[in-house]
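Presented below is the structure to which this report refers.
The values are calculated or read from the model by the stated rules, or taken from the named source; none is laboratory data. Nothing here was measured: the structure is a model prediction, and the numbers come from that model. We place every Cβ from the backbone using ideal geometry, glycine too, and count neighbours over all the protein chains shown.
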Amino acid sequence: MKSLFVKHITAVAVIMLVSFLMLSSIISVSIDDFATDARRDDVTLISKIAAAVIKDEYESAPDLSFAEFANRAEAPLEGVLEAISRDDDEEISFLVTDTSGKVLASCIRTDGIGELNELPASLIDEVLKNSGHQSYGRLNGLLAKSHLVCASIIKDENSNAIGTVFACSTDARADALVAVMNKSILLANLWVMLAMMIAVYFITERMLAPLREMRQAAKEFANGNFNTRIQVTGCDEIADFSMTFNSMAESLAKSENLRSTFLANVSHDLRTPMTTIAGYVDGILSGAIPPDKQEYYLQIVSSETHRLSRLVSQLLDISRMEAGMRQFNPTEFDICELARIILISFESKIDAKHLEVEFETDEDRMPVLADKDAIHQIFYNICENAIKFSNEGGLLRISITHGERGKYQVTVYNEGNGIAAEDLPYVFDRFYKSDKSRGLDKIGVGLGLYIVKTMLNACGETIRVESEEGKFCAFTFTIKRAN
């Protein structure tokens with residue numbers, strides 16, 4: 001299986017190679033067309049110059065026909081053509097014909113040209129009709145290889161056509177120019193490609209290094225080690241992904257820590273009452289506990305049994321809520337009355353701590369629309385925590401006020417230990433206990449507030465907490481008005 005690094009490098013190399021080949025082809029074709037057009041213009045001009053020179057020479061011998069002039073012994077026309085041909089560094093060949101196509105003179109500067117006695121009448125007619133001719137080929141098979149052929153008309157002093165001159169040129173200069181340009185483009189492409197490949201190598205290596213670290217970290221996570229972190233460099237998407245990965249690692253580490261704490265707490269909370277129950281029941285059965293003390297110890301057994309039942313109920317509630325099996329049935333009821341009932345149920349605990357209780361509501365009756373059992377459990381859990389962590393003789397305040405968007409706000413405030421600032425973000429996490437020493441919370445396993453938040457979220461409500469360590473703590477949740 002190819003690695004991502006190899007795939008990336010290969011893809012970039014192929015794209016670059018194809019791009020450079022296309023660029024080279026486009027440039028080569030453009031240069032070839034430009035060179036060919038420029039050479040065509042040059043050869044056309046040369047043919048016109050040759051025609052003009054021949055015309056001037058012919059006018060100096062008015063008594064001769066054009067054919068006699070071309071073949072006069074003292075100054076044959078080939079000499080004029082040789083002089084013109086030497087002025088150009090290309091292999092220019094010339095053919096001079098009369099108006100019938102008969103070749104009167106020639107200057108050949110290329111090998112392989114055949115016997116040229118006469119050109120086709122159709123070709124001559126085209127030159128005379130169009131005042132010139134341009135083509136690329138072998139001049140109807142008379143030339144051994146393809147040439148650029150340009151023709152012009154030779155006229156007398158009365159502007160009458162007396163013949164034609166054909167200038168034939170090879171593409172040696174254009175071919176050489178294209179070859180040089182192709183070589184230059186190839187070398188430039190190779191250097192650019194090398195530089196880009198080096199750059200892509202380092203860029204790809206930098207991009208993939210965090211991914212390799214993540215792969216190794218994932219293996220560590222699989223082995224139960226959640227302390228591995230990815231080094232974050234830069235501020236791009238890879239850096240953001242690395243930070244997200246580290247955040248996930250922290251969450252996993254925290255979840256693992258909470259799981260371990262939960263197992264320890266549950267083990268303790270299950271073992272202690274079961275040990276107590278078993279010891280007292282065995283004492284009663286064996287007769288070690290006298291009959292007049294049995295009722296007292298049976299009450300302890302009953303209390304411990306209820307404690308186990310509450311723990312199991314909490315665990316079942318969490319399982320049902322996480323599985324989406326807990327159904328909420330909204331009904332109308334008075335939240336003020338429910339709050340009074342819950343306060344009364346804690347009367348003995350309030351008296352035991354000598355708490356000062358304040359109960360504040362905007363109205364005597366404040367109807368709400370919600371699942372009554374769920375709100376009762378939520379209110380009960382919050383009040384139980386408030387009383388548990390209140391200072392001796394401290395203040396316990398319950399206030400119900402009008403909120404925004406058709407909501408009431410319910411606040412439970414207590415003066416007590418409060419919650420440390422570093423613990424506030426985690427108080428609603430399951431199995432989390434800010435009192436890790438179990439100095440005050442001897443029976444909780446960190447599920448009460450998690451159940452509270454989960455239920456409120458399921459009902460579409462919110463909850464927040466405010467606290468100052470050593471002074472106070474206040475939980476506020478919303479509940480929908482009935483009207």
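Can you name the residue in segment 189-204 that is surrounded by 11 or more Cβ atoms within 10 Å (Cβ to Cβ), free of Cβ contacts under 8 Å to residues at least 24 places away in the same chain and within 26 Å of the chain's Cα centre (by Cα) and is also nearest to I238 (Cα to Cα) among such residues?
Out of the qualifying residues, it is I203.
Looking only at segment 346-353, decide whether some residue is more than 30 Å from N329 (Cα to Cα), of a type in the set (S, T, Y) and part of a helix (DSSP H, G or I).
Yes, segment 346-353 has at least one match.
Output the residues belonging to segment 76-124 that are acidic (D, E), surrounded by 13 or more Cβ atoms within 10 Å (Cβ to Cβ) and modelled with pLDDT under 85. Give the derivation first.
At the first step, the residues of segment 76-124 found to be acidic (D, E) are 78, 82, 87-91, 98, 111, 115, 118.
Still in the running and surrounded by 13 or more Cβ atoms within 10 Å (Cβ to Cβ): 78, 82, 88, 90-91, 98, 118.
Within segment 76-124, E78, E82, D88, E90, E91, E118 qualify.
Among the listed residues V127, V149, identify the single one that is within 60 Å of the chain's Cα centre (by Cα) and modelled with pLDDT of 85 or more. I'd like the intermediate steps shown before the answer.
Values: V127 fails: within 60 Å of the chain's Cα centre (by Cα).
Exactly one of V127, V149 is within 60 Å of the chain's Cα centre (by Cα) and modelled with pLDDT of 85 or more, namely V149.
Please indicate, with yes or no, whether at least one residue in segment 233-255 is assigned to a loop (DSSP other than H, G, I, E, B) and among the hydrophobic types (A, V, I, L, M, F, W, C).
There is at least one residue in segment 233-255 that is assigned to a loop (DSSP other than H, G, I, E, B) and among the hydrophobic types (A, V, I, L, M, F, W, C).
Considering every residue within segment 159-169, establish whether at least one is modelled with pLDDT under 80 and on the phi < 0 side of the Ramachandran plot.
no
What are the residues in segment 370-427 that are outside any helix (DSSP H, G or I), charged (D, E, K, R) and either at pLDDT 90 or above or within 19 Å of V452 (Cα to Cα) (or both), if any?
Scanning segment 370-427 gives D371, E392, R397, K407, E415, D423.
Of everything in segment 381-414, what is among the hydroxyl-bearing types (S, T, Y) and under 23 Å from G470 (Cα atoms)? Give them in sequence order.
S390, S399, T411, Y413
Between residues in segment 459-483 that are at negative phi and in a strand (DSSP E or B) and residues that are loosely packed, with under 15 Cβ neighbours inside 10 Å and of a type in the set (K, R), which pairs lie under 6 Å by C-beta distance while being six or more apart or on different chains?
T476/R464
Pairs needed: first member in segment 267-284, within 12 Å of I300 (Cβ to Cβ); second member anywhere, of a type outside the set (D, E, K, R) and modelled with pLDDT under 70; C-beta distance under 7 Å; at least 6 residues apart or different chains.
none
When residues of segment 324-366 are filtered for being closer than 23 Å to E415 by Cα, polar (S, T, N, Q) and touching a residue at least 40 places away in the same chain (Cβ under 8 Å), how many remain?
Final tally of qualifying residues: 1.
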